[in-house]
Structure formats: C-alpha cells, structure tokens
Amino acid sequence: MKLNELREIKGKKKLVMLTAYDWQMARILDEAEIDLILVGDSLGMVIQGYRDTKKVTMQDMLYHMRAVARGAKHTPVIGDMPIRSARTVKDALRNARRFVESGAQGVKVEGNKPEIIRVLLDAGIPVMGHVGLLPQTAESHRVKGKQPTEARTILSDARELDRLGVFSMVLECIPEALAGRITRAVMAPTIGIGAGKFCDGQVLVTNDILGYDQGFAPKYLKRYANLNKTIKRAIAKFQEEVLSGLYPDNKHTYH
Ligand code: KIV
C-alpha cells in the first residue's frame, strides 16, 4: 500500500500499526500483513532503557530504521523524528531525508509544526502527524484534552495537520469522545493509542503487547502475550540442562 493512498481508505477498513526496532520483528510484522510499521522513538524506553524518549538521537533512530527496513519487504515503514531532529526547517528536511535514505517511506512528526511539515511534504516526503499526549515534550504521562481549552487546541491542531496534507495522524492518550470528534473532522485516517474505539486505526508498542515488561501498565494497554514469563521459563530450562549435563545431547552435537 502507498502511504498517499491511506486517505482514500479512511472509513473503509481499520488500520493496524505496530512498532519494530529490529530485523526479526520487522519480518514477523511484515509476514503478519499489518498496514504500517513504526520505528518509534519509544525505542528510548523499550530498547535503550531510558525513562522517556527525550534522549533518543537521529543516529539511534537510523540504526534501527535500517535494520527494520531490511526486514519489511512489503509493509511501509515510518521513521519517528526524534526530539532535536527538527529544531530548524533545514534540520528537519535533512533528517527526514536521512530516514528515507535508510528505508523509510514516510516520517512521523510529533506536535503541530506547520512550517516543518509543509517543507517535508513539498519535498515529497509523506508525513504522519501526532497530537494529544506528546511524549517528547510532556512532563508526565497523563491523558490530554479532558479540559475544554486543551481539547479545543488538540482539535484545531489536528485540523491544521489535516489541511497541510498529512497521510495519517496518531492521537495519543485523549478521551474517546474527542478522538471521535477529530476522526470525523479530518480527512486523514486517525490512528489511536489510548484514544478509544472511534479512531480509524490503532497502534501499540509491540514489546508492550507482547508483555516483555510487566511494570508498564497504562489503562489503554492490553497484553496479548506474556513473553516475560515465556522467556524466563526458557532461560531457566536452558540453565538447568547445562548444569545437569542434559544439554548438549547427541542430537545437538557434531560427530
Ligand atoms: O514512539 C512510538 O512508538 C510512538 C507510538 C506509540 C505512536 O510514537
């Protein structure tokens, strides 16, 4: 699917986006035929072990972008512009082009940055917007848009991004009713994370839905596997078999 065709799909089919940071996961997501893969700056937390996304650099993002691009043969891959990658319009354009050179079909820009988004779109780089909770600048991980003034700002930001021509936009951690209102107001498909069921699609961090980390548990997160337990069980078994001499057995030995 071409990113610029996504606006035509709005309302006809729900979109599924997940994050990937490495080649193996990219291959799995590609084979699962989801709609979009995001190399999210959430890698700051789930890969690098920081508290938030504020320390992630372009270099970090491009390293993971290249690995994911090698694994995603059919699924469009989006590169998440990290904090400090778009301090000026010139920086933003240079960094978005680096994403494209590394295999991205488009980039995601957090927040309403019309000058930057316009320049990227004029340069032919598809842009995904992102409104609501903006982790790169947020003080804390809390729901946005509960107060009427904040809700109005989020709605008007979403409308502006839509007018600019983003191919889609992420709505993060906002009340379901506001997400529904935005979804009806814009032509671009909305992809929610903690934004309820009225969005045109949903995104979650893959490591979170697979249950790697039992500590991170926002209300919106549903775990579809408990890999933490599965991995620990496998490691304990390996350790036990090495200690007892059961591994390697004949079957796993060259003769
Ligand atoms: O960085 C990320 O993974 C994201 C998604 C959660 C939308 O921005």
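For this structure, a couple of remarks:
- Nearest-ten-degree value, helix 176-185 long axis tilted from longest Cα axis of the chain: 60 degrees
- Along the axis of the charge dipole computed for the chain (Cβ charges of +1 for Lys and Arg, -1 for Asp and Glu, origin at the Cα centre), the listed residues Ala96, Met81, Phe198 are led at the positive end by Phe198.
- Applying the criteria of a DSSP loop state and at most 16 other Cβ atoms within 10 Å to the chymotrypsin sites (Phe, Trp or Tyr not before Pro) of the stretch 12-57 yields Tyr50.
- Taking every protein chain into account, the accessible area of the chain amounts to 54 square angstrom per residue (probe 1.4 Å).
- Scaled radius of gyration (Cα, divided by 2.2 N^0.38 Å) that the chain gives: 1.10
- Working from label points 7 Å from Cα in the Cα-to-Cβ sense, the Thr149 to Lys197 distance is 3.4 nm.
- Dipole check for the chain: with +1 at the C-beta of Lys and Arg, -1 at the C-beta of Asp and Glu, and the Cα centre as origin, the magnitude is about 400 Debye.
- The loop-placed trypsin sites (Lys or Arg not before Pro) in the stretch 9-89, going by DSSP, that have at most 10 neighbouring Cβ atoms within 10 Å of their Cβ come out as Lys12, Arg51, Lys73.
- Proximal lysines relative to Lys113, as straight alpha-carbon distance under 16 Å, when same-chain residues fewer than 8 apart are discounted: Lys90
- Computed from backbone phi with θ = phi - 60° and the Karplus coefficients 6.51, -1.76 and 1.60, the 3J(HN,Hα) list for the stretch 224-229 is 9, 7, 10, 5, 3, 5 Hz; x is used for glycine and proline.
- Derived scalar couplings between HN and Hα for the stretch 19-35 equal 8, 9, 10, 9, 4, 5, 5, 4, 5, 5, 5, 4, 5, 6, 6, 6, 7 Hz in order, rounded to whole Hz, by the Karplus curve 6.51 cos²θ - 1.76 cosθ + 1.60 (θ = phi - 60°), x for Gly and Pro.
- With each label modelled as a point 7 angstrom along the Cα→C-beta vector, the Val89-Arg233 pair spans 5.7 nm.
- Amide hydrogen neighbours beyond the local backbone of Lys108, cut-off 5 Å, H modeled: Gly79, Asp80, Met81, Met128
- Once the GluC sites (Glu not before Pro) in DSSP loops with at most 15 neighbouring Cβ atoms within 10 Å are cut out of the chain, the longest remaining piece is 140-255.
- Carbon and sulfur %, accessible surface of the chain computed with the full protein complex present, 1.4 Å: 54 percent
- Degrees separating the helix 58-71 axis from the principal Cα axis of the chain, which is the longest one: 70 degrees
The values are calculated or read from the model by the stated rules, or taken from the named source; none is laboratory data. Owing to the predicted nature of the structure, the values given are computational and were not obtained by experimental measurement. When we count neighbours, we look across all protein chains shown, and the Cβ atoms used for this are built from the backbone with ideal geometry, even at glycine. Just the protein is used for accessible areas: all its heavy atoms, side chains included, with ligands, DNA and RNA removed. Shrake-Rupley method; radii C 1.70, N 1.55, O 1.52, S 1.80 Å.
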